[in-house]
Amino acid sequence: MSMRASERRGPRGALATIVAAAVLALAGCAGIPGTTGSDDEKIALLLPDRKTARYETFDRPLFEQRVAELGPYDVLYANADQDAAKQQQQAESALTAGADVLVLDPVDARAAVVIVSAANAKGVPVISYDRLIAGGDLAYYVSFDNEKVGVLQATEFVDALEAAEHSGGGILMVNGSPTDSNASQFSSGAHSVIDQTDLHILAEYDTPEWSPDKAQEWVSGQIAQYRRDIAGVYAANDGLAGGAIAALRAANVSPLPVVTGQDADLAAIQRIVSGDQHMTVYKAIRQQAFLAAEVAVALLRGEEVTAPLDIDGTPSTLLDPVAVTVENIMDTVVADGFWTVEDICTREYAAACEAAGIRAG
C-alpha cells in the first residue's frame, strides 16, 4: 500500500524522543487467555503470524525485554496465526483484561480498523507496529521504509541477473499477502526498478497468508510452464524464497535462478552462504521492537511522544533496511549480533562459510 497522500516528512534517521521517568528491572509477562489479574498496568502485543520466523524469534522477546527494563508492566501477548477474526477476538480479550495500550501488527490492515475503533472507544491508544493500519485514530506507527525494501531487493536482483548475463530473461514475482499493507509497498518498490529493465515478467502471484507452501505450489506450476525461461524469482520474503527454492529443487532445475528474500531469517542466510539464495533484506528488529516498547510505556504514563515523520496525523518512524548478500553478512547480521557465525556455520555450511570468509574473529 502506498503512503497516504498527506504524508509529511521530517528529518530522516532520527528516532522518537521518549523520556522515561524511571528504569526498573522487573515486569510481568502474561498471555491474554488466563490473565493473572495483576494490578500492574498492561500493554498488549498482538502479532499476526508464526510462519514469518522473526515474530516469535525476535519481535516478541525483544519487545518484552524492553518493557521489562522500563517498569513493572504486564505484557499481554497473542499471535493471530494469520487469522483476522482471531486477531479481533484477541484484541477484545486484551481490552477486557484491562490493556492500557495496544501494540498491533495487523493480519489485515483494513479489518484492523475495527480493533482501533474499539480501543479508541475505551480511550486506549494504539501503536501500529510494522504494518500500517488502514484507518482509525493511531497514536504511533513504527516500521521500515517498505518501498525501499522492494527497491533494495530489485536492485540486487537486476544486478545479479546482469552479471549472469540473464538481463533479458524471464522472471517470476512471488509477492506477499494481499491483506498485508506492506506487501504492495514491497512490490511497488521492486517494480520501480524491474520495470525499467528488459526483464520479462512471466507471471506474478500475491501469496495468501505469506504461506511458503502456497508459494512452493505456485512456483511448481510455473516451472511446468516456463522451466527453461526462468532466469530469476523475486520472492518478497525469506519464507516465500524457501518455498520457491524447494519447488526449483524438486523439479531438478539447475543452475538455480537468482532468488531474493527479506527478513534475514537464519535459513535464508545459510541459503545465501550455500548459493541457493542471492540476497535478503536485514531489518534492525531490535531497534523497532525497543522503540515500540518505549512508545507504549510513554503513552501508558501519559507522556508526550514525538517522531521524525507525520503520516496523516500519526507520529511515525520508518527505519532503514539493508540489503544482505554473501559479501556483507559479516558486516551486517553478524556485526549487529542478529546471528552469530556459530549460528550460521553449522557442519552442513562450514565449508561454504570458509569459502565465503565467514569465520569467527
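Quick notes
- Rounded to the nearest 20, the Cβ-based charge dipole of the stretch 252-331 about its Cα centre (Lys and Arg +1, Asp and Glu -1) stands at 260 debye.
- Spacing of the two label points (7 Å from each Cα toward its C-beta) at GLU303 and GLU41, in nm: 1.0 nm
- What you get for the stretch 141-275, charging only the Cβ of Lys and Arg (+1) and of Asp and Glu (-1), is a dipole of about 420 debye around the Cα centre.
- Volume of the Cα convex hull of the chain, divided per residue and given in Å³: 143 Å³
- About the Cα centre, charge dipole magnitude for the chain (Lys/Arg +1, Asp/Glu -1 at Cβ), debye: 180 debye
- Global form of the stretch 52-150, assessed from the alpha-carbon gyration tensor, a/c cut-off 1.5: rounded
- Each of GLU327 and VAL341 was given a label point 7 Å from its Cα along the Cα-to-Cβ line. The distance between the two points is 2.1 nm.
- Calculated FRET efficiency for the pair GLU92/ALA267, C-beta based, R₀ 22 Å, to 0.05: 0.05
- Neighbour-count ranking [beta-carbon atoms within 10 angstrom, fewest first] of LYS86, LYS148: LYS86, LYS148
- Other residues whose C-beta falls under 14 angstrom from the C-beta of ALA335 contribute a net charge of -2, scoring Lys and Arg +1 and Asp and Glu -1.
- Over 30 Å (Cα to Cα) - which of LYS42/LYS283; LYS122/LYS148; LYS86/LYS283; LYS148/LYS214 fall in this group: LYS122/LYS148
- For the stretch 289-334, the residue among MET330, VAL295, LEU318 whose Cα projects farthest onto the positive side of the dipole built from Cβ charges is VAL295.
- Ranked by how many other Cβ atoms sit within 10 Å of their own Cβ, fewest first, the residues ASP40, ASP320 fall in the order ASP320, ASP40.
- Contour minus Cα-Cα distance for ARG359 and ALA251 (0.36 nm per residue): 35.6 nm
- Taking 0.36 nm per residue of separation and subtracting the current Cα-Cα distance, fully stretching the chain between SER117 and ASP310 would add 67.4 nm.
- DSSP beta bridges in the chain [antiparallel fraction, %, rounded to 5]: 20 percent
- Exposure proxy for GLU165, GLU327, GLU69: other Cβ atoms within 10 Å of each Cβ, ordered fewest to most, give GLU165, GLU327, GLU69.
The numbers here are math on the coordinates, done by the rules we state, and not lab data. A quick note: this is a predicted structure, and the numbers were derived from the prediction, not measured. Here the Cβ is made from the backbone with ideal geometry for all residues, glycine too, and neighbour counts use every protein chain on show.
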